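Structure first, commentary second.
The values are calculated or read from the model by the stated rules, or taken from the named source; none is laboratory data. Since the model is a prediction, treat every value here as computed from it, not as a measurement. No Cβ is skipped: glycine too gets one built from the backbone with ideal geometry, and neighbour counts run over all protein chains shown. For the accessible areas, the whole protein counts, side chains as well, though only heavy atoms, and no ligand, DNA or RNA atoms are used. Shrake-Rupley method; radii C 1.70, N 1.55, O 1.52, S 1.80 Å.
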Amino acid sequence: MRQWDIYTYDPGYGNHPVVIVSHPDRVANKSDVEILICSSQRANRATTPTEVMLDSADGLNWETICKCDLIVSVSTSDLHQPRGQVTIERRRQIISTIIRSHNWVLF
């Protein structure tokens with residue numbers, strides 16, 4: 001299990017792909033990690049400013065919307081079925097979208 005891996009997680013309303021965004025040291029040494037939840041259904045719309053589109057290049061079966069405005073902490077034991085890993089380009093998109101969607105501004 002590593003940062004940027006995509007796993008399956010059930011947030012209480014069915015299985016969804018999730019992206020691990022925790023620091024690699026946390027992933028390696030702690031039982032809880034931070035994730036972004038993605039849609040479980042094929043994307044049928046454009047992304048909003050708080051979302052990034054993932055697809056087969058990331059290991060998913062179809063275009064999937066990743067929601068970057070909510071970072072969730074979960075137990076690694078609740079993550080199952082490794083699905084892929086986010087591409088370098090989309091990692092950049094996710095990082096900038098997280099920063100923008102949280103209004104984290106450097107002064």
Please list, ordered by first then second residue, the pairs with beta carbon atoms under 8 Å, 6 or more apart or interchain, first in the stretch 18-29 and part of a loop (DSSP other than H, G, I, E, B), second open to solvent by 30 Å² or more (accessible area, probe 1.4 Å).
-> 21/3; 21/34; 21/71; 22/3; 22/30; 22/34; 23/3
Give me a count of the residues in the stretch 74-88 that are open to solvent by 60 Å² or more (accessible area, probe 1.4 Å) and more than 14 Å from residue 7 (Cβ to Cβ).
-> 1
Only one residue in 56, 22, 31 is open to solvent by 80 Å² or more (accessible area, probe 1.4 Å), hydroxyl-bearing (Ser, Thr, Tyr) and modelled with pLDDT of 95 or more, so which one is that?
-> 56
Inspect all residues belonging to the stretch 89-96 and state whether any of them is outside any helix (DSSP H, G or I), modelled with pLDDT of 95 or more and open to solvent by 20 Å² or more (accessible area, probe 1.4 Å).
-> no
Looking at (1) in a helix (DSSP H, G or I); (2) under 14 Å from the mean Cα position of the chain (by Cα), which is the only condition residue 77 fails?
-> (2)
Where residues in the stretch 34-50 are of a type in the set (A, V, I, L, M, F, W, C) and not in a loop (DSSP other than H, G, I, E, B), which of them is surrounded by the most Cβ atoms within 10 Å (Cβ to Cβ)?
-> 35
Residues in the stretch 1-19 that are open to solvent by 20 Å² or more (accessible area, probe 1.4 Å), farther than 15 Å from residue 71 by Cβ and not hydroxyl-bearing (Ser, Thr, Tyr): how many?
-> 6
